[in-house]
Amino acid sequence: MSLLSAAQCIIEDISAVFFPPSCGLCDQPVRDRDSMICGACWDCLISLPEPMCEICGMPLSAEVTPVTPVCGVCLSAPPPYRKARFGVVYAGNVRHALIGFKYYGQIHRRAALARLVTETFDHHFSADNTDVIIPMPMHPRRLIQRGFNQVVLLGESLARHTGISMCRNVLTKIRDTPPQVGLPRAQRVKNIKGSFGINGNERIRGKRVLLVDDVSTTGSTISEASKTLMHSGAGSVEVIVLALRTQNAILEDVSGKEQSDGIDDTGGL
Ligand SMILES: [Zn+2]
Ligand SMILES: [Zn+2]
């Protein structure tokens with residue numbers, strides 16, 4: 001062992017005494033720093049049940065699953081993205097951790113939340129089919145207020161995990177839209193329309209883009225951002241979202257109704 005590695009081990013041992021590793025979702029102790037999420041939290045995560053629509057990722061009712069697994073919404077009005085997938089349902093400790101990370105600057109939750117994104121990527125996507133990662137942007141005014149874009153941090157972790165490069169300033173938020181919370185779907189679509197811009201479309205022309213977001217409710221934000229990317233020359237857009245705030249009857253059944261906290265989930269806005 002080199003002197004440098006020995007020194008590093010000593011520092012890690014000392015910091016483990018004063019700062020024992022804890023779960024990034026619930027803060028309970030974990031065995032080692034690599035665990036990031038404790039067993040109890042893993043057990044409580046709610047994945048989206050299969051079968052799911054192969055385009056939008058929403059669960060399909062088992063009784064009406066068609067031969068081609070595409071939901072009625074996607075059949076009647078195909079979304080601008082090729083595929084969207086959500087890591088977990090926005091509930092319980094994931095919801096608390098995301099609120100802390102996003103609104104209270106609890107950056108120590110990043111690794112655990114990023115782990116949920118990378119697990120979702122490994123399950124549903126392939127680095128061979130993706131050219132560039134694009135994080136959902138925030139309007140500059142909101143970015144100044146918050147000091148960081150939590151989606152950029154998750155996107156950086158995903159880029160490190162996959163080896164795919166991330167372009168953070170291509171998709172931009174050009175209009176500071178009011179919070180979406182509590183609005184019906186039609187109003188959300190109107191609210192977000194025309195609010196994204198592209199800075200340097202040569203960077204996405206013909207590319208297979210993976211758009212990253214932290215929370216989605218009706219999908220109106222990811223649809224509008226995907227539309228902007230496609231109109232600006234992207235070859236295709238796929239979407240990965242850490243958590244889905246339920247509006248789906250099947251998911252309401254599995255996640256319970258514990259989600260009313262009055263805090264908005266406007267994703268990267
Ligand atoms: Zn935990
Ligand atoms: Zn669908």
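The values are calculated or read from the model by the stated rules, or taken from the named source; none is laboratory data. This structure is a prediction, so every number in the text was calculated from the model and none was measured. Every residue, glycine as well, gets a Cβ built from its backbone with ideal geometry; the counts of neighbours run over all protein chains shown.
Suppose we keep only residues that are β-branched (Val, Ile, Thr) and more than 19 Å from ARG245 (Cβ to Cβ) within the stretch 60-106. Which one would you say is modelled with the highest pLDDT? By that ranking, first place goes to VAL70.
Going residue by residue through the stretch 213-224, is there one that turns out to be part of a loop (DSSP other than H, G, I, E, B), within 30 Å of ALA112 (Cβ to Cβ), of a type in the set (Val, Ile, Thr) and touching a residue at least 40 places away in the same chain (Cβ under 8 Å)?
yes
Of all residues in the stretch 22-65, those satisfying the criterion of being within 9 Å of ligand 1 (Cβ to nearest atom), hydrophobic (A, V, I, L, M, F, W, C) and not in a loop (DSSP other than H, G, I, E, B) are ALA40, CYS41, TRP42, CYS44. The residue that is nearest to HIS124 (Cα to Cα), counting only those in the stretch 233-247 that are small (Gly, Ala, Ser) and surrounded by 20 or more Cβ atoms within 10 Å (Cβ to Cβ), is ALA243. Scanning the stretch 190-200 for residues that are assigned to a helix (DSSP H, G or I) and buried (at least 17 other Cβ atoms within 10 Å of the Cβ) yields ASN191, ILE192.
Are any residues in the stretch 31-76 under 24 Å from the mean Cα position of the chain (by Cα), away from ligand 2 (no atom under 16 Å from the Cβ) and either within 18 Å of PHE125 (Cα to Cα) or of a type outside the set (Gly, Ala, Ser) (or both), and if so, which ones? Scanning the stretch 31-76 gives ARG33, ASP34, MET36, ILE37, CYS38, CYS41, TRP42, ASP43, CYS44, LEU45, ILE46, SER47. Where helices (runs of 4 or more DSSP H) sit wholly within the stretch 68-165, those with at least 3 residues that are free of Cβ contacts under 8 Å to residues at least 12 places away in the same chain occupy 72-76, 140-146. Filtering the stretch 185-234 to residues that are hydroxyl-bearing (Ser, Thr, Tyr) and touching a helix residue (DSSP H, G or I) at 6+ places or on another chain (Cβ under 9 Å) leaves SER195, SER216, THR217, THR218, SER220, THR221, SER223, SER232.
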